[in-house]
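The values are calculated or read from the model by the stated rules, or taken from the named source; none is laboratory data. Just so it is clear, the structure is predicted and the values come from calculations on it, not from any experiment. As a convention, Cβ positions derive from the backbone with ideal geometry for all residues, glycine included, and neighbour counts pool all protein chains shown.
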Amino acid sequence: MNSPKLNSPKHRGGVEIDSTFAEAFDMKATRLIITANDRTWAMAAATSMVGFATSVIACGIEMAIERVRTPDETPDGRLGVSVLAFAVSKTEMEKQIVSRAGQCVLTCPTTALYSGIEETKPKSDKRVAIGKSLRYFGDGHQISKVIDSRRFWRIPVMDGEFVCDHDVPRVDGIGGGNFILLGKDVDAVLGASRAAVDAMRKVEGVIMPFPGGVTRSGSKIGSKYAKLVASTNDAYCPSLRGSRLRESRSGDSMPPSPLQLDESVAMEIVFDGLTPANIRSAMRAGIDAACHFDHGGGLLRITAGNYGGKLGRHHFHLHEVV
Amino acid sequence: MNGWTLELRHDIAASELAACFDARAIKLSAFSKMTEREINAVELTADSKSIRMGELFTVSKSVDDSTLRLVGDLSRFHYVGCGHEVGQFVVEGNVGHYAGSRMSGGEFWIAGSTGNFLAAAHGTHRTGMSGGRIVVAGSVGHHAGHRMRRGEIIVNGSATDFLGSHMIAGTILIAERVGESVGFAMRRGSLLLGKRANLSENRFSAPVCFPTAFFLLLLKQWHFEDWQNRFPRISSDQMETSKIKSLLEILAEGRFSSSRGDFAVAGQGEIIWPDD
């Protein structure tokens, strides 16, 4: 990803905010609510379901826990956990959701699985199957129940019944929202990153699918190896600063590193949201929290990744957002 | 959709009414496109004669869209709400036989009791109710839910014999007692009963209990808190539904027994009642 500067930088809490933008893409999205007899089992199922779902590049889907839901917010009045899922195609979305629901939620004691997306009138025909596929596990003993035009399945399991929605609505979401924190040392940048992620987790409709919400291995599209669709974002690798400079002087086409001399660490926060407003809110909250974190002057700059505006139709300009 | 209120005229003595009215012509889907004059001219079959609606009812436009309200004791009116498919059908009083028969959608609220064959199949039809919801504040007669295929029947009172007979699917809740031959030849579907029924050991499994989140789901998704608010003109005494909620709360706590059957027809229906 490139980071073209458009205008002069802004400053916030002593941290430079680049005049650039994050480039994001349309994705297929849905929200699921997992309930259980207690928080332990709801969280166990949710954690399992969102495992290995950091990036569509190799996982096929991006998923993470959105937040804990109180009994008032769940269809069956038990405590629950909502998870968001983002995929590039409806086929991949369905494949991933069905297998994860079957292996991670159906298997987890006392759980039930419901849609977390509000139904439209008339009912959207963009659906992701859950019970529609999982019901066959009931081997003919499953029971279908329609409540207010919404079909549920009761599948007999060894602790009683697994209850789930027949299918859930699929909506248009946005993936690839991002910003990159640049600084002098790992502790300062990681501390600021954590503060940012904590603030962003409070925003509804947004997930940060990477471990702890942060990635140190941001990627660019393509590689010198034909089989790889993505490879390390060498522009932000501090260890390559020198070589990029040398290659550049020698007339190579590789541009010089966007990292400045005192910027030796870069961490990227990648996030997906259900709406552009969700992305903006999360971005604002994250950048604000990072800049106001007590980083001891270690956090120097915040920028964002993009492809020059050629790939994604959603451009979130840092200066507009903050 | 226009809404209408049809009030049974007070100046007609019960002795002057025919013994039996066929109320199939009273349909929200048809009336919503008619004028008051056209509705008054609709003819009902009464015994072997025809009678105009205007001679029986006072017709007035309702402030509630997509709602047809019938006011009065309609015990002699059969097939009320027959084939109802969308919107709300409200009866403030009793209704006769085959009420809600072959209903396929919408809601049917009865602030009274019903005759036999509520939501059942009639004539040569193979299936009865196939969608929607019927709520009865009073009690229901024989064969309620006969050949029911989908939908919900929720009764605050009791039911007599052959409840859910030949049922194919759907849910019936009877908050109080039921008569004999409950679930006779039922294939699928759920009967939620306020009291234990006499079930043949040859036709139904021994009672068991199991944990499920389903009744919690039902308790919340039926939105009881909205029920009374939706009918401000009906007094809470008339549209009494508290026993329904109480039963569901007991089931949601997992204090129930369940039998499956009817094995005589290889059925997998379920009959559920609260533990003593």
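Quick notes on this one:
- Segment A:156-177 residues that are away from every other protein chain (no Cβ under 14 Å) and closer than 10 Å to residue A:127 by Cβ, paired with ones that are assigned to a strand (DSSP E or B) and among the polar types (S, T, N, Q) (beta carbon under 6 Å, 6 or more apart): A:168/A:30; A:168/A:115; A:170/A:30
- Filtering B:189, B:151, B:183 for residues that are more than 13 Å from chain A (Cβ to nearest Cβ), of a type in the set (Gly, Ala, Ser) and surrounded by 16 or more Cβ atoms within 10 Å (Cβ to Cβ) leaves a single hit, B:183.
- Applying the criterion of at least 2 residues that are exposed (fewer than 15 other Cβ atoms within 10 Å of the Cβ) to the helices (runs of 4 or more DSSP H) found wholly in segment B:1-65 leaves B:36-41.
Residue-by-condition table, conditions (1) away from every other protein chain (no Cβ under 14 Å); (2) under 25 Å from residue B:153 (Cα atoms); (3) of a type in the set (Asp, Glu); (4) not in a loop (DSSP other than H, G, I, E, B):
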| site | (1), (2), (3), (4) |
| --- | --- |
| A:98 | yes, no, no, yes |
| A:109 | no, no, no, no |
| A:117 | yes, no, no, no |
| A:124 | yes, no, no, no |
| A:146 | no, yes, no, yes |
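Yes or no, residue by residue, for (1) within 22 Å of residue B:151 (Cα to Cα); (2) within 13 Å of the chain's Cα centre (by Cα):
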{"site": "B:66", "(1), (2)": "yes, no"}
{"site": "B:75", "(1), (2)": "no, no"}
{"site": "B:90", "(1), (2)": "yes, yes"}
{"site": "B:105", "(1), (2)": "yes, yes"}
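- Every condition in (1) surrounded by fewer than 20 Cβ atoms within 10 Å (Cβ to Cβ); (2) touching a His at 6+ places or on another chain (Cβ under 9 Å); (3) over 17 Å from residue B:268 (Cβ atoms) is met by residue A:109 except one, and the failing one is (2).
- Being farther than 25 Å from residue B:129 by Cβ and of a type in the set (Lys, Arg) holds for only one residue in A:170, A:154, A:150, and it is A:170.
- Test: residue in segment B:114-126 that is assigned to a strand (DSSP E or B) and either within 14 Å of another protein chain (Cβ to nearest Cβ) or at pLDDT 95 or above (or both): no
- Residue in segment B:240-253 that is surrounded by fewer than 16 Cβ atoms within 10 Å (Cβ to Cβ), of a type in the set (D, E, K, R), away from chain A (no Cβ under 14 Å) and farther than 24 Å from residue B:139 by Cα present: no
- Residues in segment B:92-105 that are crowded, with 23+ Cβ neighbours inside 10 Å and either aromatic (Phe, Trp, Tyr) or under 21 Å from residue B:170 (Cβ atoms) (or both): B:95, B:98, B:99, B:100, B:101, B:102, B:103.
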